[in-house]
Amino acid sequence: MNVQTPTHTADATTVEEGLAIQEAQAVIDSESATAVAMQDTLLTPRFYTTDFDELDAIDVSSVREDWDQLIAQMVSDPNKGHFRKNEDWDHIDWEGMDPELRKEFIDFLISSCTAEFSGCVLYKEMKRRGNNADITQLFQLMARDEARHAGFINDALREVGVAVNLGFLTQKKKYTYFRPKFIYYATYLSEKIGYARYITIFRHLEANPEHRFHPIFKWFREWCNDEFSHGEAFALLMKTDPKLTSGRNVLWIKFFLTAVYSTMYVRDHQRPAFHAALGVDPDWYGQEVFRKTSEISRQIFPITLDIDHPRWMPGLKRLQKASTDLDAAKKRGGVMGTLGKIGAGARAAMAFVSLYTIPAKRHTVPENTRLEPAY
Ligand SMILES: [Fe+2]
Ligand SMILES: [Fe+2]
């Protein structure tokens, strides 16, 4: 039998293969992109670590039927080979691109790549440390997908002579420790909001193809289906322990919802040229993504944020303004810079508290969590 080692991340069937391929390409990785990916601020994607033994102890027998179905679907691997350039990959005139757009778009790709890779590293580590067959299988499958996603973004970046050095990041980027329950909330949400973001852009560009200024957006539908399945897995994991989504933990859920939504809002507003090129109003886009994410997260969270509350939009805008002022103060430096930082930091905190204290909407969580991507 002739077994060929894949040479492209799209064909890698394990995370180890996917990473080895990227490692081999790392010779042309650029320092500046890796430096951007190394940044650790409230707004940039982080790397996480957790209590892997506690995660390993999860017993999925109470959700066995749904679990087996989901795993079978992931094992069947419908997206194998998908994440590679093909004849749909149009030529991009990077030189002719508006410099602001080019800068923001590259920043978008680097931060997306870092976020994909952050998931990859966490899932791979869980698979490596665990002994529980159900858990390690799930995390191996999810790490496989994230390695492909990161590899594909790196393909796109390489065309502009930019690439993120993933091996370097794994070793050198700071890891933030989160207890497993916080990993569930944060990761579940980031998978589901990732789905909502990608599908919203995909549907918008389907209707307005003249705004598709880069071919990578054509890959977003299959992409977001992967993220959707990952989110499903975390919903099932949370379902195994009802305490995670009741009592005082509901306050944590509210905190994570508020933090994830408001971070996305602020981050997106830092890329005006990118959204203008897509023909997307970032306020509209934010609300649309929040609406979809809220609708999906009802599957497991007993509350949703009231994003139509009169304090919601003004709160987001104040937070965004404070964040811009904070950046400016940091750049200014000196005494005035320090004073500016304190003032803007306090305003950001107040805006966040105002968002967090908006009464949430409660509902009864359905008996069965499983959902299919419907947007
Ligand atoms: Fe991903
Ligand atoms: Fe994912």
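Each reported figure results from applying straightforward, stated rules to the coordinates on display, with no laboratory input. All values reported here derive from a predicted model rather than from experimental measurement. All Cβ positions, glycine included, derive from the backbone under ideal geometry; neighbour counts span all protein chains shown.
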Q.
Within region 86-109, name every residue whose backbone N is under 16 Å away from a label modeled 7 Å from Cα of Asp327 along the Cβ vector.
A. 100-109
**Q.** Shape metrics for region 200-321, restricted to C-alpha atoms - Rg then Dmax, Å
**A.** 16.3, 49
Q: Could you pull the Cα extents of the chain along its three principal axes, largest to smallest, in whole Å?
A: 69, 54, 42
**Q.** the chain - charge dipole about Cα centre, Lys and Arg +1 at Cβ, Asp and Glu -1, debye rounded to 20
**A.** 1720
Q.
Applying a 10 Å radius around every beta-carbon, put 144-154, 337-347 in order of their mean neighbour count, most first.
A. 144-154, 337-347
**Q.** Ranked packing of 297-309, 96-108, most packed first, by mean Cβ within 10 Å
**A.** 297-309, 96-108
Q. Between Asn368 and Thr170, what length in nm is gained on full extension when 0.36 nm per residue of separation is reduced by their alpha carbon distance?
A. 67.6 nm
Q: Please name which of Ala156, Ile342, Leu205 has its Cα lying farthest along the dipole of the chain towards the positive end, using unit charges on Cβ (Lys, Arg +1; Asp, Glu -1) and the Cα centre as origin.
A: Ile342
(Q) Could you compute the net charge surrounding Asp145? Neighbours are other residues with a C-beta less than 12 Å from the C-beta of Asp145; K and R count +1, D and E count -1. (A) -3
Q) By average Cβ neighbour count within 10 Å, what is the ranking of 311-318, 48-55 from highest down? A) 311-318, 48-55
Q: Check the straight Cα-Cα distances from Lys321 and name the aspartates and glutamates below 18 Å, setting aside those fewer than 8 residues away within the same chain.
A: Asp268, Asp281, Asp283
